[in-house]
Structures are given as structure tokens and as C-alpha cells.
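The values are calculated or read from the model by the stated rules, or taken from the named source; none is laboratory data. Note that the structure is predicted; figures quoted are calculated from it, not measured. Quick reminder, even Gly has a Cβ in these numbers, built from the backbone with ideal geometry, and neighbours come from all protein chains shown.
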Amino acid sequence: MVTNLEGLVSFANELANESEKIINQYFRTTLTVDVKNDETPVTIADKNTELKIRELIQARYPDHGILGEEFEGTNIDSEYLWVIDPIDGTRSFIAGHKDFGTLIALLHNKKPILGIINCPAHKERWVGVSGEQTTMNQKKVQTSTIQTLDKSYVCTSGLYFDNDHLRKGFDKIIEQTMYHRFGGDCYMYGMIASGLIEIVIEDTLKTHDYMALIPIIEGAGGKVTDKYGKVVTIHSEGSIVASANDQLHKELIDIINN
């Protein structure tokens with residue numbers, strides 16, 4: 001049983017507030033960019049933001065685990081596990097584009113019960129809490145009611161599809177949708193929750209890239225699974241299909257797998 005969920009939500013917002021202060025200091029400044037072993041970029045903004053979040057969690061909840069992007073996980077088998085992406089969309093951040101954001105998730109016994117997408121440059125924050133309706137800047141939001149591909153808008157960060165059958169499925173999907181766009185990072189998922197677009201499909205994601213998205217989209221009425229339609233867990237292989245509702249989602253999964 002989750003104890004003091006309201007307090008945990010308040011604390012998660014504190015984490016978002018503090019991370020935003022650091023990120024704003026570095027946004028659109030000259031930064032040294034390093035390349036990690038997985039060939040993704042990292043900056044001092046990524047590292048300092050995650051270090052601050054870790055410091056705050058360890059001070060308030062020393063028995064909680066932390067799984068972040070930039071540093072090694074601690075106590076990851078704990079009952080409560082924070083999953084952090086300090087800057088989702090580092091490439092966008094480096095280029096001065098606004099669609100990057102901080103992702104903060106809290107898992108209880110491996111299941112996400114809380115998620116935040118905080119986009120400082122847009123001044124927009126989505127908060128999803130298990131059993132509650134998702135909010136954006138403290139106002140309730142709802143996913144789109146569109147249930148057919150021909151009226152849908154689909155986004156993806158880019159053509160990062162390691163799996164050939166997912167790539168082929170995505171190609172079929174964009175042929176049938178009304179609009180499609182490449183680029184958007186975590187901001188795309190907030191747009192689904194707010195009913196602005198209907199579909200996001202991605203591959204090669206890591207745990208910190210997707211755990212926060214799940215309670216946000218589901219709390220707004222949407223659906224999130226992997227490419228097979230299976231529940232997404234910390235052990236999933238990296239594909240994400242997010243959509244506005246069950247009917248649309250079923251069609252997407254059928255196209256990808258048939």
C-alpha cells in the first residue's frame with residue numbers, strides 16, 4: 001500500500017522546481033558537450049540537474065531507490081524507486097529548442113504511481129498520479145476523442161527504430177494519418193495528454209525515458225504499451241506506443257504486428 005501519496009506528489013513537484021532552476025541557468029548558453037558510450041550527448045546541465053535531484057531524494061527519503069540517466073542506480077530493488085531523466089531531449093536543449101524536459105517518475109513495487117513531465121522553456125508541467133486525472137499547470141487535461149487514423153496526428157522524435165518490423169509498421173501508420181511530425185522529445189507525450197495530438201511511437205528508449213509518461217497519459221484517458229501491446233515495465237525492451245484512447249491503440253498495435 002502506498003503511504004502519503006499526497007506528500008510524495010508535493011515532493012516530486014519540489015524536485016521539478018529545483019531542477020528547473022538549474023536547467024534555466026544553462027539553457028541557450030555555450031556548453032561543452034561530451035559523448036557517452038552509447039553515443040548520446042551529455043552536458044554539465046544534465047549532470048548537475050540529476051545530482052541535485054538525487055541529493056534531495058536521499059535527504060528526504062533515504063530508503064528510496066534512484067534510477068537515473070547519468071549516474072549509477074542506488075537501491076533499485078527498494079519498495080519505492082524514483083526514475084529520473086534530468087534532461088530528456090539533450091540534443092534539443094543543446095540546440096536551443098524548447099521541447100526538452102525533465103522526467104520524474106515514482107514506482108511502488110515496480111509500478112509507476114506518479115509521473116511528471118516538466119518543460120521549463122515552455123513553462124508547462126504535466127503531473128500524472130495513480131487514480132487521479134492528469135493535470136497540466138494544475139488544470140485537468142483530457143486526451144483527444146479521435147478514434148481513427150485518418151484524423152490523427154502522429155509524432156516521433158526521429159527515425160530511431162532498431163526493430164525493422166516496428167519501422168515498417170510506423171511507415172504504414174504515417175501513410176494513413178492526417179499529419180505526422182518528427183521531433184518533440186518528451187513534449188510530445190504532454191501533447192497527447194492535453195488532447196493536441198493522438199499518437200507517439202518510439203523505439204530504443206530506456207527506463208528513464210518512459211516511466212514518467214505512463215501515469216500522465218493514462219491519467220488523461222490515453223494508453224501506453226510496447227509495440228506488442230504489452231504493459232511497459234522497467235524491464236521492457238524500449239519500444240513505446242502511446243495513443244489517445246483504447247480504440248485507436250488497438251488499431252496501431254494491429255498494424256505494427258500484422
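Rundown of residues vs (1) farther than 30 Å from Gln25 by Cα; (2) β-branched (Val, Ile, Thr); (3) modelled with pLDDT of 95 or more, yes/no style:
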residue	(1), (2), (3)
Gly128	no, no, yes
Ser157	no, no, no
Asn163	yes, no, no
Lys168	yes, no, no
Asp171	yes, no, no
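Of all residues in the stretch 223-254, those that are of a type in the set (Ser, Thr, Tyr), in a loop (DSSP other than H, G, I, E, B) and free of Cβ contacts under 8 Å to residues at least 40 places away in the same chain total 2.
Has the stretch 59-69 got at least one residue that is modelled with pLDDT under 95 and touching a helix residue (DSSP H, G or I) at 6+ places or on another chain (Cβ under 7 Å)? So far as the stretch 59-69 goes, yes, one or more of its residues are modelled with pLDDT under 95 and touching a helix residue (DSSP H, G or I) at 6+ places or on another chain (Cβ under 7 Å). Residue count for the stretch 27-60, restricted to those that are touching a residue at least 24 places away in the same chain (Cβ under 8 Å) and in contact with a strand residue (DSSP E or B) (Cβ under 9 Å, 6 or more places away or on another chain): 14. Exactly one residue out of Glu18, Glu14, Glu55 is of a type outside the set (Gly, Ala, Ser), in contact with a Lys or Arg (Cβ under 6 Å, 6 or more places away or on another chain), over 24 Å from His235 (Cα atoms) and at pLDDT 95 or above: that is Glu18. Of all residues in the stretch 60-88, exactly one satisfies the criterion of being closer than 18 Å to Tyr210 by Cα, in a loop (DSSP other than H, G, I, E, B) and in contact with a His (Cβ under 7 Å, 6 or more places away or on another chain), namely Glu69.
Considered as a group, the residues in the stretch 30-43 that are more than 21 Å from the chain's Cα centre (by Cα) and surrounded by 10 or more Cβ atoms within 10 Å (Cβ to Cβ) include one that is farthest from Ile84 (Cα to Cα), and that residue is Leu31.
Just one of the listed residues (Ile53, Ile57, Ile104) is surrounded by 22 or more Cβ atoms within 10 Å (Cβ to Cβ), farther than 13 Å from Met211 by Cα, outside the structural domain of Thr225 (by TED's automatic domain parsing) and under 18 Å from the mean Cα position of the chain (by Cα), namely Ile53.
I'm checking my understanding of the structure. Among residues of the stretch 126-153 that are of a type in the set (Val, Ile, Thr) and outside any strand (DSSP E or B), which one is farthest from Met178 (Cα to Cα)? My answer is Thr134.
Looking only at the stretch 89-122, residues that are over 16 Å from Thr207 (Cβ atoms) and in a strand (DSSP E or B) come to 3 in all.
Take the residues in the stretch 178-201 that are surrounded by 19 or more Cβ atoms within 10 Å (Cβ to Cβ) and without any contact (Cβ under 8 Å) to a residue 60 or more places away in the chain; name whichever of them is farthest from Ala220 (Cα to Cα). Checked the stretch 178-201; the qualifying residue farthest from Ala220 (Cα to Cα) is Ile201. A single entry from Lys123, Lys110 fulfils the requirement of being over 16 Å from the mean Cα position of the chain (by Cα), assigned by TED's automatic domain parsing to the domain that holds Leu81 and either surrounded by 14 or more Cβ atoms within 10 Å (Cβ to Cβ) or without any contact (Cβ under 8 Å) to a residue 24 or more places away in the chain (or both): Lys123. Does Ser144 qualify as being surrounded by fewer than 19 Cβ atoms within 10 Å (Cβ to Cβ), in contact (Cβ under 8 Å) with a residue 12 or more places away in the chain and not assigned by TED's automatic domain parsing to the domain that holds Leu213? Taking the combined requirement at face value, the residue does not satisfy it.
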